[in-house]
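The structure under discussion appears below in the form of structure tokens.
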Amino acid sequence: LGFGSIAADRENATLKIINSQGASNFQLLAGRTLGLWIVSSLFFIPAFIVTGIVIALQKNELTNADTIVRFLLTAFLYAIFCWIVSAITVVVSAKSNTAKSTLIKLLGILLLLAIILPRIAQVAGNSLYPAPSKLSFETAIEKDILKQGDSHNPDDPFFKNLRDSIFSRYGVTNADSLPVNIGGIIGSEGERLSAETYVKHYNELTNIYRKQNEVSKWTSFVNPFTMVKNNSMALSGSDFESYISFQQQAEAYRYLLAQRMNELQTKFISNAKPKEGSHVLHIDKKHFQEFADFNFQFLPIRQTISKEVMPLFAFLFWFTISWLGLLYVSKNFKILAV
């Protein structure tokens, strides 16, 4: 919309008339940027108004002060982003002799910022910090678990020693004489070991991904599109750290659920083989109804911002650059085409 904001007026000599009326070069560039920003606001303001209404109508645990702060910060972020893009457009238009050349330059800049640079950053991150494939990741976990012992193998040395220690503790020689279910105890220990192994490998993998993302975050200082993407994802709770938080909470819930199941097996399931028509293997449904539902907790906004310091500085950097760019071009501004 703004590629001809300055260049087109220079071509038809309108700038000379405006300049003769007393407007300074900086006022002219800042005014055109403001006008273009207002026009661009017509695209994002209605979307945020609708979103604000939807948030206001929600009556659940997700509608809280933290959500409102995220919404307002996101609206502010995109307002400033539109200003930055408007300033870039006006600066390029002011440095070009014709509207046609401005359009070609802006299309090239758009291609560079929106497609080429993000792809380069992704490839660079993967090259500097290569991550294992899914097959390699799962194979490494399986190998470590097998080193610890297989809880499903009755002849496994580790769990055989565990069974012997349980027999010794209760003073019995076989599972049928135990007052508790030995399968539940062994399953609980096996779950603990496998969960520790998985978390260990998972943390190593997430650290690699975190380093890859750091490469992309650094490009926020040369690409405003990456800057707004990183900040927007963080504010909306769809960034990498929020994803990791969800994974960790889900795994913690799964682990507690599995251990609770092992606990119920240990307490209520007999070691003796069930007789025909008996309910030895039956656990009352009230115990399952006591299980709490999974309730994901979003990262607090303060914690989110603390993890996105680099994109935040990039935001301030680009806002400053937009004004400095207008100021610099205004000092070297040409009223007539050369």
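The values are calculated or read from the model by the stated rules, or taken from the named source; none is laboratory data. No experiment lies behind these values; they were computed from the predicted model shown. A quick note on method: Cβ atoms are made from the backbone with ideal geometry, for glycine too, and the neighbour counts reach across all protein chains shown. Note: areas computed on protein heavy atoms with side chains; ligands, DNA, RNA excluded. Shrake-Rupley method; radii C 1.70, N 1.55, O 1.52, S 1.80 Å.
The residues in segment 303-312 that are touching a residue at least 60 places away in the same chain (Cβ under 8 Å) and open to solvent by 40 Å² or more (accessible area, probe 1.4 Å) can be counted, and the count is 3. Residues in segment 157-182 that are in a helix (DSSP H, G or I), in contact with a helix residue (DSSP H, G or I) (Cβ under 9 Å, 6 or more places away or on another chain) and either crowded, with 19+ Cβ neighbours inside 10 Å or of a type in the set (Lys, Arg) (or both): 159, 163, 182. Within segment 280-302, if we keep just the residues that are part of a helix (DSSP H, G or I) and closer than 25 Å to residue 244 by Cβ, the residue that is least open to solvent (accessible area, probe 1.4 Å) turns out to be 301. Regarding segment 183-204, can at least one residue be identified that is of a type in the set (S, T, N, Q), within 30 Å of residue 129 (Cα to Cα) and buried (at least 16 other Cβ atoms within 10 Å of the Cβ)? Taking every residue of segment 183-204 in turn, at least one turns out to be of a type in the set (S, T, N, Q), within 30 Å of residue 129 (Cα to Cα) and buried (at least 16 other Cβ atoms within 10 Å of the Cβ). Is it the case that segment 76-85 has a residue that's of a type in the set (A, V, I, L, M) and under 14 Å from residue 236 (Cβ atoms)? Yes: one or more hits. Residues that are outside any helix (DSSP H, G or I) and crowded, with 19+ Cβ neighbours inside 10 Å within segment 56-98 comprise just one, 96. Only a single criterion out of (1) open to solvent by 60 Å² or more (accessible area, probe 1.4 Å); (2) under 30 Å from residue 334 (Cβ atoms) is not satisfied by residue 127, namely (2). Just for segment 313-338: of the residues that are open to solvent by 70 Å² or more (accessible area, probe 1.4 Å) and aliphatic (A, V, I, L, M), which one is nearest to the chain's Cα centre (by Cα)? Checking each candidate, the answer is 316. Among the residues of segment 1-31, those that are open to solvent by less than 60 Å² (accessible area, probe 1.4 Å) and part of a helix (DSSP H, G or I) comprise 7, 8, 9, 10, 14, 15, 18, 25, 28, 29, 30, 31. The residue pairs whose first member lies in segment 25-42 and is aromatic (Phe, Trp, Tyr), whose second member is in a helix (DSSP H, G or I) and open to solvent by 30 Å² or more (accessible area, probe 1.4 Å), and whose beta carbons are closer than 7 Å, counting only pairs six or more residues apart or on different chains, are 26/327. Can you confirm whether segment 42-52 contains a residue that is open to solvent by less than 70 Å² (accessible area, probe 1.4 Å), assigned to a helix (DSSP H, G or I) and either within 19 Å of residue 320 (Cβ to Cβ) or of a type in the set (S, T, N, Q) (or both)? Yes: segment 42-52 contains one or more residues that are open to solvent by less than 70 Å² (accessible area, probe 1.4 Å), assigned to a helix (DSSP H, G or I) and either within 19 Å of residue 320 (Cβ to Cβ) or of a type in the set (S, T, N, Q) (or both).
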